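Okay, so here's the structure we're looking at.
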């Protein structure tokens, strides 16, 4: 029995696709091992969202080749779409598979082994197409989730936003939606596997349904999954602010299983920076969306992403972002400093910010984010909340159960009882 392993880099969509590929390999008869073990096949599901992601992708491919010089090294995914295939071959990669061809993994690997055995020599193969011409959703699926508590379901791929800093539309292609029927079937499979919570994810979740028949939109997906008896929680991945309308939030608020945790992409709290980024909203509009969410939910979790050091970002613009973070009161923020991506509009902009300035601003904003995170959590002290227990740990010499509230607050409970995959009422004490 041949051994195979997959190392995943990047976002939740990549994570989903890596799990789907693992299932393909298992069905093909491969024995899955960890990436640090000896294997016949090493697969790296790459990422290219930042320069650091590119570097990590190259490093993992190099490690794979060193671990088994005679094994098959496969590069898959976003970095593959952004780099010349010859460069990957020169780095020792045997098989190159681009986005929208991951569903062919088992067939391509079978063909590769056959040709290698027939010719008695190592060969190089590439299966990468022009992603800009992909208009159908790639048929990837997971029949079971490895975590019984929570399962992620990919329902959308591609993006047409073309933000000035982002490479994603160029490596993921136009927006494509997964058929509603397939989404519901996968959620049912997860439920039958004991999964209590599903998380809907995509490259740009807000575009779900644009290419489907009228009425099939993100809200309908949530409503259909809400009908599955043993699914007790539904959570959404990252959303664009324009998705938040009164009708949308009102409908979600009527669904008891919906988790009031909204990850709304911000990127900057300065209107002038937002315009240079090609974001299609202002800070005024963004705040209105947050206020609307709070009109329908009590203390909802609102999280976001922020980029510091975008080309031309002045000290005043950076201070505007800090002030806006204070004003909104996020439950958590993820801070990134701008990384130029070749082929994007921002990479050619003047007034690129030095790494020293970006690092300084990043540290300051992270510290502010931690302060707002603590302020938000203090609002729950003395309240009784529902917690879905996901794991257990030893801390301070005590056995504790760990889980999350609907707002995505991590909670530790002192208990000797194994409560994993159960929802318990918990009084927050500190």
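The values are calculated or read from the model by the stated rules, or taken from the named source; none is laboratory data. Computed from a predicted structure; not experimentally measured. Every residue, glycine as well, gets a Cβ built from its backbone with ideal geometry; the counts of neighbours run over all protein chains shown.
Some points to look at:
- Evaluating residue 219 against the criteria (1) surrounded by fewer than 21 Cβ atoms within 10 Å (Cβ to Cβ); (2) touching a helix residue (DSSP H, G or I) at 6+ places or on another chain (Cβ under 6 Å); (3) in contact (Cβ under 8 Å) with a residue 40 or more places away in the chain leaves one unmet condition, (3).
- Evaluation of residue 351 against the conditions (1) over 19 Å from residue 302 (Cβ atoms); (2) outside any loop (DSSP other than H, G, I, E, B); (3) over 22 Å from the mean Cα position of the chain (by Cα) shows that the sole unmet condition is (2).
- Residue selected from segment 143-154 under the condition surrounded by fewer than 23 Cβ atoms within 10 Å (Cβ to Cβ) and in contact with a strand residue (DSSP E or B) (Cβ under 8 Å, 6 or more places away or on another chain), by the criterion nearest to residue 15 (Cα to Cα): 152
- Meets criteria (modelled with pLDDT of 95 or more and within 15 Å of residue 324 (Cα to Cα)) for residue 254: no
- Considering segment 117-135, the residues that are in a helix (DSSP H, G or I) and touching a residue at least 40 places away in the same chain (Cβ under 8 Å) include one that is surrounded by the most Cβ atoms within 10 Å (Cβ to Cβ), namely 131.
- Reported count of residues in segment 369-389, each being outside any loop (DSSP other than H, G, I, E, B) and under 16 Å from residue 425 (Cβ atoms), is 6.
To keep it simple, each residue is scored yes or no on (1) assigned to a loop (DSSP other than H, G, I, E, B); (2) over 18 Å from residue 43 (Cβ atoms).
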| position | (1), (2) |
| --- | --- |
| 93 | yes, no |
| 106 | no, no |
| 110 | no, no |
| 143 | yes, yes |
| 162 | yes, yes |
| 171 | no, no |
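- Within the set 140, 180, the sole residue that is touching a residue at least 12 places away in the same chain (Cβ under 8 Å), outside the structural domain of residue 267 (by TED's automatic domain parsing) and either out of contact with any strand residue (DSSP E or B) (no Cβ under 8 Å at 6 or more places or on another chain) or under 17 Å from residue 12 (Cα atoms) (or both) turns out to be 140.
- Residues (modelled with pLDDT of 90 or more and in contact with a helix residue (DSSP H, G or I) (Cβ under 6 Å, 6 or more places away or on another chain)) located in segment 101-123: 102, 105, 106
- Residue within segment 213-236 that is under 27 Å from residue 328 (Cβ atoms), under 15 Å from the mean Cα position of the chain (by Cα) and modelled with pLDDT of 95 or more present: yes
- Sole residue being crowded, with 20+ Cβ neighbours inside 10 Å, within 25 Å of residue 9 (Cβ to Cβ) and not assigned by TED's automatic domain parsing to the domain that holds residue 47, chosen from 157, 100: 157
- Counted residues, segment 404-421 - those being touching a residue at least 24 places away in the same chain (Cβ under 8 Å) and surrounded by 15 or more Cβ atoms within 10 Å (Cβ to Cβ): 10
- Filtering segment 190-221 to residues that are in a loop (DSSP other than H, G, I, E, B) and either within 11 Å of residue 177 (Cα to Cα) or not assigned by TED's automatic domain parsing to the domain that holds residue 334 (or both) leaves 203, 204, 208, 209, 210, 211, 212, 213, 216, 217.
- Residue that is modelled with the lowest pLDDT, among those in segment 392-403 that are within 30 Å of the chain's Cα centre (by Cα) and exposed (fewer than 12 other Cβ atoms within 10 Å of the Cβ): 395
Every residue, every condition in (1) surrounded by 22 or more Cβ atoms within 10 Å (Cβ to Cβ); (2) in contact with a strand residue (DSSP E or B) (Cβ under 7 Å, 6 or more places away or on another chain), yes or no:
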{"site": "2", "(1), (2)": "no, yes"}
{"site": "8", "(1), (2)": "yes, yes"}
{"site": "36", "(1), (2)": "no, no"}
{"site": "63", "(1), (2)": "no, no"}
{"site": "79", "(1), (2)": "yes, yes"}
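- Selection within segment 228-255 - out of contact with any helix residue (DSSP H, G or I) (no Cβ under 8 Å at 6 or more places or on another chain) and within 23 Å of residue 193 (Cα to Cα): 232, 233, 235
- Odd one out for residue 264 among (1) farther than 24 Å from residue 390 by Cβ; (2) modelled with pLDDT under 95: (2)
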